[in-house]
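The values are calculated or read from the model by the stated rules, or taken from the named source; none is laboratory data. For clarity, every value in this text was computed on a predicted model and none was experimentally measured. Here Cβ is always computed from backbone atoms with ideal geometry, including for glycine, and neighbour counts include all displayed protein chains.
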Amino acid sequence: MTTHPEKLVCITGAGQSEVARPSNKSGLALTIDACLNAINSAGLTPADIDGLSTYPGPVANGDGFSPVSATETMLALGLTPTWIGASTDGHAHMSAIFNAITAIASGLCRHVLVFRTVTQASARAEVSHAGIIGGGRSIAQRSWGGQSWTLPYNALSAAVLYGLYGQSYFRKYGATSQQLGAIAVHSRKMAALNPNAIYRKPITIDDYMASRMISTPLRLYDCDTHIDGSTAILFSRADLAGDLASPPIHIEAMGMGLGGIGAGLHTGDFTSMPAKIAGDMLWSRTDLKPKNLDFAQIYDGFSILTLMWMEALSLCGEGEAAAFVEGGRRIALDGELPMNTSGGQLSAGRFHGYGHTYEACLQLWGRAGERQVRDAKLGVVSNGGFGYGALLLRR
Amino acid sequence: MSGASEPSRILPGLDRLNRDFWTGGADGRLLIARCDCGRYIHPPLPRCPACGGSTITPTPVSGRGRVAAYSVNHQAWLPGLKVPFVFAAVEIDEQSELYVFTNIVGCDPEQVAYRMPVKVAFEAHEDVYLPMFEPA
């Protein structure tokens, strides 16, 4: 029995719907678009798909966070899968991908489609408070679980929670807004080259410094943007992946971590996340090293998470990420480590982790158009600020 | 939407595990779950992650601590929400890394600083006594 199930699995297809604020399409229609695009890119048909996995599964309160279930997607696509699953607990965004990998590696499925759909822009257009934590069609009367420790204190957005990380990181390492802002400026520059990004007009560091403060030290441009959109990634058994329409993308390694603010508990001094557990696990499962990377798609729900993820993945040393991104040269398309080449969530839109994996696939297939990293062979993807997941993907 | 009344806080739902923490303020006490082994556990759990013990008792603490991390929130997430306000993690004096999330009140938000000494001040809402913290 293998201890590295990811090495038995490849990515064979990837698709995305349109992105809009808001879309005229329903969440399910966007999901179908993304899923069919993914299936088509592999040269398969829906009849070939025998597994379906999503994060986090349906949330029916009207907040648009996850409006579509795996079951209704199964019905709409006419699938007869052996297994479907959704995961709300654990490693957040990437848990659905880890579940797909293990379903295939264990012999349960041959081709598992993983999707993530958001209609947060529609939800906010309909109800102004839909975007807050505890929002939706009506504001929650009471809070339960992990959120109940922070919501009563008006931490109504993750921006408030992650402000703690930002303030602590700035204090400990002497990081500056000019440095953090480089991530937002870089994201817009990349989004300008991505036809499916939501914000494509470049900004300068002066624009960033002039943008309004949300929760110190996080400004407007440090926060990702609500969209309507869906992404689907197709995972296949490695021995079935060679003859398909797109070259197989190998999963060289995966990493998972848990804990932190999302678990309701916190240890340490708020300058790092338990994402380090995921980063260390990832590099322990391969002989490749960070220096071998051709690009990195690093989670940027909030820019401070990007800095902490860079350190968690050993792309730089502890406390060094802010200097690494300053000025944007080292993370540019022609820099030493091209980063968030789609524009990330800050500028391409909050596909909620899945946009990062999708972009990694386009880069490894050489289909990233004007933003193509030359001869991209190896890339890392990271997801999450509450639970943590990472993939090392190889052409 | 200026002039909107301040939105109600989304209060915690009370259950067996958290009730003492959220209601101890009725008697002016900050009650933190504590294992027989001496370990404080917050948020409360029915089993001690340090020793495995299951005799966990809500225990009054000094209510004093220091600001371990904070953010000054400027965004009015709901109409009428008073800003700026300070969201913080306070490290309770009794144990290292015993963090309580809270708002820092009773001072200008700009005066809040790392390691600033604070003390609990309860704010009653319905059946809940929210532990807030103010400069000590």
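So is residue A:119 among the hydroxyl-bearing types (Ser, Thr, Tyr), in contact with a strand residue (DSSP E or B) (Cβ under 7 Å, 6 or more places away or on another chain) and within 12 Å of residue B:87 (Cα to Cα) or not? Break it down into steps so the answer makes sense when it comes.
Working: among the hydroxyl-bearing types (Ser, Thr, Tyr): yes; in contact with a strand residue (DSSP E or B) (Cβ under 7 Å, 6 or more places away or on another chain): yes; within 12 Å of residue B:87 (Cα to Cα): no.
The answer is no for residue A:119.
Let's see how each residue does on (1) in contact with a strand residue (DSSP E or B) (Cβ under 9 Å, 6 or more places away or on another chain); (2) crowded, with 19+ Cβ neighbours inside 10 Å; (3) not hydroxyl-bearing (Ser, Thr, Tyr):
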residue	(1), (2), (3)
B:10	yes, yes, yes
B:16	no, no, yes
B:21	yes, yes, yes
B:30	yes, yes, yes
B:42	yes, yes, yes
B:46	yes, no, yes
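I'd like the full set of residues that are among the aliphatic types (A, V, I, L, M), part of a loop (DSSP other than H, G, I, E, B) and closer than 18 Å to residue A:385 by Cα, limited to region A:303-350. Steps first, please.
As a first pass, look at region A:303-350 and keep what is among the aliphatic types (A, V, I, L, M): A:304-305, A:307-308, A:310, A:312-313, A:315, A:321-323, A:325, A:331-333, A:337, A:339, A:346, A:348.
Right, trim to part of a loop (DSSP other than H, G, I, E, B) and you get A:313, A:315, A:331-333, A:337.
Result: A:313, A:315.
Checking each residue of region A:222-229 against the condition of being surrounded by fewer than 20 Cβ atoms within 10 Å (Cβ to Cβ) and closer than 27 Å to residue A:133 by Cβ gives at least one match.
So which residues in region A:202-214 are away from chain B (no Cβ under 11 Å), over 22 Å from residue A:335 (Cβ atoms) and in contact (Cβ under 8 Å) with a residue 12 or more places away in the chain, if there are any at all? Don't jump to the end; show me each part of the working.
We begin by selecting, within region A:202-214, every residue away from chain B (no Cβ under 11 Å); these are A:202-211.
Adding the requirement that they be over 22 Å from residue A:335 (Cβ atoms) leaves A:209-211.
Of everything in region A:202-214, just one residue is away from chain B (no Cβ under 11 Å), over 22 Å from residue A:335 (Cβ atoms) and in contact (Cβ under 8 Å) with a residue 12 or more places away in the chain, namely A:209.
Could you tell me whether region B:26-48 includes any residue that is more than 9 Å from chain A (Cβ to nearest Cβ) and on the phi > 0 side of the Ramachandran plot? Yes, region B:26-48 has at least one match. Within region A:81-103, restricting attention to residues that are among the β-branched types (Val, Ile, Thr) and either modelled with pLDDT of 95 or more or part of a strand (DSSP E or B) (or both), the residue that is farthest from residue A:387 (Cα to Cα) is A:82. Applying the criterion of at least 3 residues that are within 12 Å of chain B (Cβ to nearest Cβ) to the helices (runs of 4 or more DSSP H) found wholly in region A:104-197 leaves A:158-173.
Between B:17, B:11, which is touching an Asp or Glu at 6+ places or on another chain (Cβ under 7 Å) and aliphatic (A, V, I, L, M)? Break it down into steps so the answer makes sense when it comes.
Values: B:17 fails: touching an Asp or Glu at 6+ places or on another chain (Cβ under 7 Å).
From the options B:17, B:11, the qualifying one is B:11.
Scanning region A:32-47 for residues that are touching a residue at least 60 places away in the same chain (Cβ under 8 Å) and touching a Leu at 6+ places or on another chain (Cβ under 9 Å) turns up A:35, A:38, A:39, A:41, A:42, A:43, A:44.
In the condition set (1) under 24 Å from the mean Cα position of the chain (by Cα); (2) under 23 Å from residue A:347 (Cα atoms); (3) not small (Gly, Ala, Ser), residue A:113 is compliant with all but (2).
Residues in region A:270-289 that are aromatic (Phe, Trp, Tyr) and either surrounded by fewer than 17 Cβ atoms within 10 Å (Cβ to Cβ) or within 18 Å of residue A:98 (Cβ to Cβ) (or both): A:283 only.
In this structure, does residue A:145 turn out to be in contact with a strand residue (DSSP E or B) (Cβ under 7 Å, 6 or more places away or on another chain), on the phi > 0 side of the Ramachandran plot, at pLDDT below 95 and not hydroxyl-bearing (Ser, Thr, Tyr)? So that I can check it myself, show each step before the final result.
On the way: in contact with a strand residue (DSSP E or B) (Cβ under 7 Å, 6 or more places away or on another chain): no; on the phi > 0 side of the Ramachandran plot: yes; at pLDDT below 95: yes; not hydroxyl-bearing (Ser, Thr, Tyr): yes.
Taking the combined requirement at face value, the residue does not satisfy it.
Taking region B:62-102 as the range and being among the hydroxyl-bearing types (Ser, Thr, Tyr) and either in contact with a helix residue (DSSP H, G or I) (Cβ under 8 Å, 6 or more places away or on another chain) or more than 9 Å from chain A (Cβ to nearest Cβ) (or both) as the test, the residues that pass are B:62, B:70, B:71, B:96, B:102.
Scanning region B:110-124 for residues that are in a strand (DSSP E or B) and among the hydrophobic types (A, V, I, L, M, F, W, C), which turns out surrounded by the fewest Cβ atoms within 10 Å (Cβ to Cβ)? Reasoning before the result, please.
The first filter runs over region B:110-124 and keeps only residues in a strand (DSSP E or B), leaving B:117-124.
When the remaining residues are screened for being among the hydrophobic types (A, V, I, L, M, F, W, C), the result is B:118, B:120-122, B:124.
Numbers: B:118: 27, B:120: 25, B:121: 18, B:122: 19, B:124: 11.
Top of the filtered list is B:124.
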